[in-house]
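> Just dropping this structure here.
The values are calculated or read from the model by the stated rules, or taken from the named source; none is laboratory data. For clarity, every value in this text was computed on a predicted model and none was experimentally measured. Cβ coordinates were reconstructed from backbone atoms using ideal geometry, including for glycine residues, and neighbour counts include every protein chain displayed.
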Amino acid sequence: MSAPVTTLDPRYSDPSAVATQWEQTRSVLETAEVFWLSTVRADGRPHVTPVVGVWHNGALHFTTADTEQKAINLRGNAHVILTTGCNHWQEGLDVVVEGDAVRITDQQRLERLAGVWATRWDGRWQYFVRDGYFYHHDENETLPDSILVFSVTPTKVYAYAKGDPFGHTRHQF
């Protein structure tokens, strides 16, 4: 992933604000535990849902069952937005990622991602990989439902610094 062009939008920033550096924005993406995924239904209505995502190799990754609304939406429209941050007004950094969700089926890439998920959240997200899908480890050794894995390589990332000063930064790839 190439370094983005980073600019501060003075229309939405305090006069003393400076652009949020990509390293700080990326750190929020790397450490976030929950993202809000926005997709579009076939009739044009938005659909927003929380997902457990991981940032790895310049992209944000998330999972879904094939029957979930987000998976159904992605079959018709791959454009997505993922957001993370905090709900405080005077502190924090909110981040918005725009891009297209692409399904990952490559065995080696899925195995690497399963390893990344296993290192997060106290190891609660344990997956094994088979035939282009993730599966949760099952204590009964029965094959549970298959899980799709998607990758979003950002086209734009916005960083909204809150507090003193407020700043609106755009990272363009």
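> For the structure I just gave you, tell me whether L74 is under 30 Å from R130 (Cα atoms), outside any strand (DSSP E or B) and not hydroxyl-bearing (S, T, Y).
When the stated conditions are applied, L74 passes them.
> Can I ask one more? Do any residues in the stretch 23-48 that are within 17 Å of V152 (Cβ to Cβ) and at pLDDT 95 or above have Cβ atoms under 7 Å from those of residues that are assigned to a helix (DSSP H, G or I) and not charged (D, E, K, R), where the two are at least six apart or on different chains, and which pairs are they?
So the pair list comes out as T39/N73; T39/L74; V40/N73; H47/Q69; H47/N73.
> Here is a follow-up. List pairs: first in the stretch 1-19 and within 24 Å of V152 (Cα to Cα), second part of a helix (DSSP H, G or I) and at pLDDT 95 or above, Cβ under 8 Å, 6+ apart or cross-chain?
Matching pairs, first to second residue: A3/W22; P4/W22; T6/W22.
> Being surrounded by fewer than 16 Cβ atoms within 10 Å (Cβ to Cβ), at pLDDT 95 or above and outside any loop (DSSP other than H, G, I, E, B), is that true of even one residue in the stretch 117-131?
No, there is no match, as no residue in the stretch 117-131 is surrounded by fewer than 16 Cβ atoms within 10 Å (Cβ to Cβ), at pLDDT 95 or above and outside any loop (DSSP other than H, G, I, E, B).
> Right, next: Might you let me know whether the stretch 12-22 holds any residue that is over 17 Å from the mean Cα position of the chain (by Cα) and not in a loop (DSSP other than H, G, I, E, B)?
Yes, because at least one residue in the stretch 12-22 is over 17 Å from the mean Cα position of the chain (by Cα) and not in a loop (DSSP other than H, G, I, E, B).
> Can you tell me how many residues within the stretch 84-97 are buried (at least 17 other Cβ atoms within 10 Å of the Cβ) and either within 18 Å of T6 (Cα to Cα) or in contact with a Cys (Cβ under 8 Å, 6 or more places away or on another chain) (or both)?
Within the stretch 84-97, residues that are buried (at least 17 other Cβ atoms within 10 Å of the Cβ) and either within 18 Å of T6 (Cα to Cα) or in contact with a Cys (Cβ under 8 Å, 6 or more places away or on another chain) (or both) number 4.
> Being in contact (Cβ under 8 Å) with a residue 60 or more places away in the chain, aliphatic (A, V, I, L, M) and surrounded by 14 or more Cβ atoms within 10 Å (Cβ to Cβ): is that true of L148 here?
yes
> Right, another one. For E141, work out the one condition from (1) at pLDDT 95 or above; (2) part of a loop (DSSP other than H, G, I, E, B) it doesn't fulfil.
(1)
> Hey, can you tell me all the residues within the stretch 1-50 that are under 20 Å from V102 (Cβ atoms) and among the hydroxyl-bearing types (S, T, Y)?
S2, S38, T39, T49 - these are the residues of the stretch 1-50 that are under 20 Å from V102 (Cβ atoms) and among the hydroxyl-bearing types (S, T, Y).
> Taking the condition without any contact (Cβ under 8 Å) to a residue 24 or more places away in the chain and under 22 Å from R109 (Cα atoms), does R75 pass?
So R75 passes the test.
> Can you tell me which residue is nearest to A101 (Cα to Cα) among those in the stretch 51-64 that are over 10 Å from the mean Cα position of the chain (by Cα) and outside any strand (DSSP E or B)?
Filtering first and then ranking leaves G58.
> Let me ask something additional. Looking at this structure, is T153 closer than 16 Å to L60 by Cα, out of contact with any Gly (no Cβ under 8 Å at 6 or more places or on another chain), polar (S, T, N, Q) and assigned to a strand (DSSP E or B)?
It is false that T153 is closer than 16 Å to L60 by Cα, out of contact with any Gly (no Cβ under 8 Å at 6 or more places or on another chain), polar (S, T, N, Q) and assigned to a strand (DSSP E or B).
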